[in-house]
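Before any comments, here is the structure.
The values are calculated or read from the model by the stated rules, or taken from the named source; none is laboratory data. From a predicted model like this one, the values you see are computed outputs, not experimental measurements. With ideal geometry, Cβ positions are generated from the backbone for all residues, glycine too; neighbour counts draw on all protein chains shown. For the accessible areas, the whole protein counts, side chains as well, though only heavy atoms, and no ligand, DNA or RNA atoms are used. Shrake-Rupley method; radii C 1.70, N 1.55, O 1.52, S 1.80 Å.
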Amino acid sequence: MPTNTTDTSPRVAVILPTYNEAENIIPLIEAVLQQDADREFTVVVVDDNSPDGTAELVRDAMQSESRLDLITRAGKLGLGTAYIAGYRRALERGCEWILSMDADWSHNPEHIPEILSRTGGADMVIGSRYVAGGGLRDWPMHRKLLSAAANRMARAVLRIKTRDCTSGYRCYRAEFLRKIPLDEITSDGYSFLIDLLYRFIQAEARIAESPILFTDRKGGVSKISKTEIFKALKTLWTLYFHHA
């Protein structure tokens, strides 16, 4: 498991979970690092043994880029555990902020500076599609309706004010993330995002939202399925009854 190290700890870790993202990963890494004017980033790719060679491309790029790190896993172990693996690597490296985003270009790296600018006084900043200035682009209507309905249900069931509960474009204060018992989170996929948000809120975290324009993936195949939707619904009601 290759790891790059630097003399000083990077301030921000950008976590990119991947499975079959060879078409996107290198241009995306380059675009993320272009936002790093002060060279304070490390990009941590967490790859689930992609058969398309995603990890090999990242490993080659590491030869000339010290801000790049790679975690390779034995198989397709799920988005939730991929996030956790990335968080732990970032915490080990002493990062102050841990930012996660999708590896398919649906999350534009150009939003990173604005998200980071809102970290003062916040423990989590969510790149939000549902606040003023945010939105969706190139999504079919059924997906827009499904996303809106899922977020409304999450707010109603869990009684929270966050507008975008399912966005994976987030920035966490490392100090606060250390307080969360990550080993206790069993939800996976996009359900993990709802679960983690709820745990932050229960721990009285300060949550901020920063507008993003969410765009459908540039290349590759979407990982969202009907199974993920049912998982999210199950997670919502599990959290509700646990809290009740």
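With a cut-off of 17 Å on the backbone N, the residues of segment 54-91 near the modelled label site 7 Å out from Ile26 along Cα-Cβ are 54-70. Short-range pairs are left out: with C-alpha atoms under 8 Å and at least six residues apart, the relative contact order of the chain is 24 percent. One quarter of the convex hull surface built on the alpha carbon atoms of segment 1-130 amounts to 7.9 nm², the projected area averaged over directions. A Förster radius of 35 Å combined with the Cβ-Cβ distance from Asp60 to Ala203 puts the calculated FRET efficiency at roughly 0.30. Scan the chain and note any complete DSSP helix (H) whose C-alpha atoms cover at least 18 Å along its axis and whose Kyte-Doolittle average is 1.0 or more. Length and hydropathy pass: none found. Among Arg67, Arg170, Arg159, the residue with the largest mean-square fluctuation in a Gaussian network model of the chain, with springs joining Cα atoms closer than 10 Å, is Arg159. In the calculated pair-distance distribution of the chain, the portion above 27 angstrom amounts to 30 percent of the Cα-Cα pairs.
Straight-line reach from Lys161: taking Cα to Cα under 18 Å and skipping same-chain neighbours fewer than 8 places apart, the aspartates and glutamates in range are Asp123, Asp195, Glu204, Glu209. Scattering from segment 67-153 was approximated by placing one identical point on each alpha carbon and applying the Debye formula without solvent; log10 I(q)/I(0) at 0.12, 0.23 1/Å stands at -0.51, -1.36.
Note on Ala37 and Ala132: their simple-model spin labels are 2.6 nm apart, each label 7 Å out from Cα toward Cβ. Ignoring ligands, DNA and RNA, what percent of the 1.4 Å accessible area of the chain is carbon and sulfur? On the chain, the fraction of accessible area on carbon and sulfur atoms equals 51 percent. Distance between the 7 Å Cα→Cβ label points at Met153 and Leu213: 3.0 nm. Using only alpha-carbon positions in segment 19-85, the gyration tensor eigenvalues give semi-axes of 21, 13, 10 Å once each is multiplied by 5 and square-rooted (largest first).
Under 5 Å between amide hydrogens, built in the peptide plane, is the criterion, and for Leu16 it picks out Val44, Val45, Val46 among residues at least 5 positions away or on other chains. Highest GNM mean-square fluctuation among Gly94, Gly133, Gly86, for the chain modelled with Cα contacts below 10 Å: Gly133. Candidates Ile26, Ala55, Gly133 compared by Cα position along the dipole of the chain: farthest toward the positive end lies Gly133, with charges placed on Cβ.
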